[in-house]
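For reference, the structure is listed below as structure tokens.
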Amino acid sequence: MVELPDSMMSTTLWVGNLCEFVTDEMLSEIFQQASSLKFVPACVARKPNMESLKYGFVTFRSEEETEAAMNLFHGYEVNGKCLKVEAIKDHEKFGRIKVPEKIIDYAVGPVRRRRNGELNTMRRATVHVQSSNSANERGGRLSRSEREQRRLRMEKRKSRGRYKNQQRKNSRATRVVP
């Protein structure tokens, strides 16, 4: 999974609530009705063992086709499940959404260097996770409030059972039996 490039943000849709048996070709055929193209790039997100994550992405040629597909297919039933079709937007906490590289390769081409050594700019993703006045901006130093927040988080973790059990296990390992 890679970050969705800027050039595809306005023309790509997220399609959720898919049946686990829906394939890329089935998704493409369904959304082809809203496009003037003979083939619509579509990809179902999958785990490394090829098990479906039950959502996917569809890319269109224009924003008008994207809007039409969103209106036409939101609530559309496929294999007994109603589709959820939404426009893609950046997540405020995690940054740019990640999509299967297969759909980006099809839409904007594979990663290549130009003759002058630059990368393909169609693949650029400019939005990243926003950090509020982070330590990196101040040369690695944490402010007093950030240190306090870290300390409170660590105390909270220690009060949970798993961390306590780990401490007990470590203390048993360090004991020397006479």
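Things worth noting here:
- Pairs, first part of a helix (DSSP H, G or I) in the range 26-40, second among the basic types (Lys, Arg), C-beta under 9 Å, six or more apart: 32/38
- Residues located in the range 67-82, provided they are over 19 Å from residue 36 (Cβ atoms) and of a type in the set (A, V, I, L, M): 78
- Taken over the range 14-29, the criterion of being of a type in the set (A, V, I, L, M, F, W, C) and in contact with a Phe, Trp or Tyr (Cβ under 7 Å, 6 or more places away or on another chain) is satisfied by 14, 15, 18.
- Candidate set from the range 79-98 (those that are assigned to a strand (DSSP E or B) and at pLDDT 90 or above); member that is most open to solvent (accessible area, probe 1.4 Å): 84
- Here residue 49 meets the list (1) touching a helix residue (DSSP H, G or I) at 6+ places or on another chain (Cβ under 8 Å); (2) exposed (fewer than 12 other Cβ atoms within 10 Å of the Cβ) almost entirely, failing just condition (1).
The values are calculated or read from the model by the stated rules, or taken from the named source; none is laboratory data. Because the structure is predicted, anything quoted here is derived from the model rather than measured. FYI the Cβ positions are ideal-geometry reconstructions off the backbone, even for glycines, and counts take in every protein chain you see. The accessibility values were calculated without ligands, DNA or RNA, using every heavy atom of the protein model including side chains. Shrake-Rupley method; radii C 1.70, N 1.55, O 1.52, S 1.80 Å.
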